[in-house]
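The values are calculated or read from the model by the stated rules, or taken from the named source; none is laboratory data. Note that the structure is a prediction, hence the values are computed from the model and not measured. Counting neighbours? That spans all protein chains shown, and the Cβs are built from the backbone with ideal geometry, glycine included. The protein model used for the area step is the full one, side chains on, heavy atoms only, and it has no ligands, DNA or RNA in it. Shrake-Rupley method; radii C 1.70, N 1.55, O 1.52, S 1.80 Å.
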Amino acid sequence: MAGHSKWKNIQHRKGRQDAIRGKMFAKLSREIMVAAREGGGDPEQNQRLRLAIAKARSQNMPNDNIDRAIKRGTGEEGGGHYEAVTYEGYGPAGAAVMVEALTDNRNRTAADMRHIFSKRDGNLGESGCVAWMFERKGLLRVDRESTEMGEDDLMMLALEAGAEDFEVTEDVIEVFTAPEAFEDVKNAIEAEGIRFSTAEVTMVPTNTVDVDGEHIPKILALMEALEDHDDVQNVYANFDIDEAELEKL
């Protein structure tokens, strides 16, 4: 899994996550709305909704916001009609990029994506051009400073609950699961009083592309521009940047 979450780690280091938190709540609400509309408002009977709520709570989204988004999705309160669409392309240095969006105007969003890619030395591609380089995995991210449990004990706990893999850095422990095992592993770790900075089912690249030199600020500019777009829910990429280069950011 090495290199899978380089973008998330960069966001974390730069405090980028805090900068986009207000916009993040709007994106999370939209995700909950669509999940409730498509599968009903009962999380016990709707896994997609259950996962969307878990992701929202991992970002400290207030319960009132979550409840309101569910009601908008089920039609109890007014809400827009959004559809899911995925865009695929290549960034600087040939890095593969996947973008998941929820939009009420496909033509507008497609035009915006094409503009963002082309303006930042990327290319928007055809459907399926990079999807084969990614696989869906559960990701549970624990900040070391938030728990007193040792690394080995946490790993053993997660493995016994069904985790598949780990990635450990100085600041973070990341636990990977199969999508169907995500909730079991999450619940087992939470039962020990551990909280997550990220808890989601995400897309993980099966291989990575090294990015260095002048390509680093370009790929980061592309990722930030995509994340900033109101219709974009998630951005995934397979680039890897050397730790020494990251320290310069």
Could you check region 91-104 and list, in sequence order, the residues that are open to solvent by less than 40 Å² (accessible area, probe 1.4 Å) and not in a helix (DSSP H, G or I)? 91, 95, 96, 97, 98, 99, 100, 101, 102, 103
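Can you give me the number of residues within region 164-190 that are of a type in the set (A, V, I, L, M) and either under 17 Å from residue 51 (Cβ atoms) or open to solvent by 80 Å² or more (accessible area, probe 1.4 Å) (or both)? Break it down stepwise before answering.
Quick first cut of region 164-190, residues of a type in the set (A, V, I, L, M) only: 168, 172-173, 175, 178, 181, 185, 188-189.
Subset that is either under 17 Å from residue 51 (Cβ atoms) or open to solvent by 80 Å² or more (accessible area, probe 1.4 Å) (or both): 175, 178, 181, 185, 188-189.
Total satisfying the criteria: 6.
Go through region 115-142 and give me each residue that's part of a loop (DSSP other than H, G, I, E, B), of a type in the set (A, V, I, L, M, F, W, C) and farther than 17 Å from residue 234 by Cα. Walk me through how you get there before you give the answer.
Taking region 115-142 and keeping what is part of a loop (DSSP other than H, G, I, E, B), we get 120-122, 125-130.
Checking the rest, the ones that are also of a type in the set (A, V, I, L, M, F, W, C) come to 129-130.
Within region 115-142, just 129 meets the criteria.
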Of the conditions (1) touching a helix residue (DSSP H, G or I) at 6+ places or on another chain (Cβ under 9 Å); (2) at negative phi, residue 162 fails just one. Which one is it? (2)
Going through region 191-220 in order, the residues found to be open to solvent by 40 Å² or more (accessible area, probe 1.4 Å), in contact (Cβ under 8 Å) with a residue 40 or more places away in the chain and assigned to a helix (DSSP H, G or I) are 215, 218
Residue satisfying condition, being in contact (Cβ under 8 Å) with a residue 40 or more places away in the chain and under 15 Å from the mean Cα position of the chain (by Cα), within set 32, 53: 32
Which ones in region 113-128 are buried (at least 16 other Cβ atoms within 10 Å of the Cβ) and either over 10 Å from residue 87 (Cβ atoms) or of a type in the set (S, T, N, Q) (or both)? 120, 121, 122
The conditions are (1) free of Cβ contacts under 8 Å to residues at least 60 places away in the same chain; (2) of a type in the set (S, T, N, Q); (3) open to solvent by less than 80 Å² (accessible area, probe 1.4 Å), and residue 107 fails exactly one of them. Which is it? (3)
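Pick from 145, 183, 88: which is assigned to a strand (DSSP E or B) and of a type in the set (Asp, Glu)?
Working: 145 fails: assigned to a strand (DSSP E or B); 183 fails: assigned to a strand (DSSP E or B).
Sole residue among the options that is assigned to a strand (DSSP E or B) and of a type in the set (Asp, Glu): 88.
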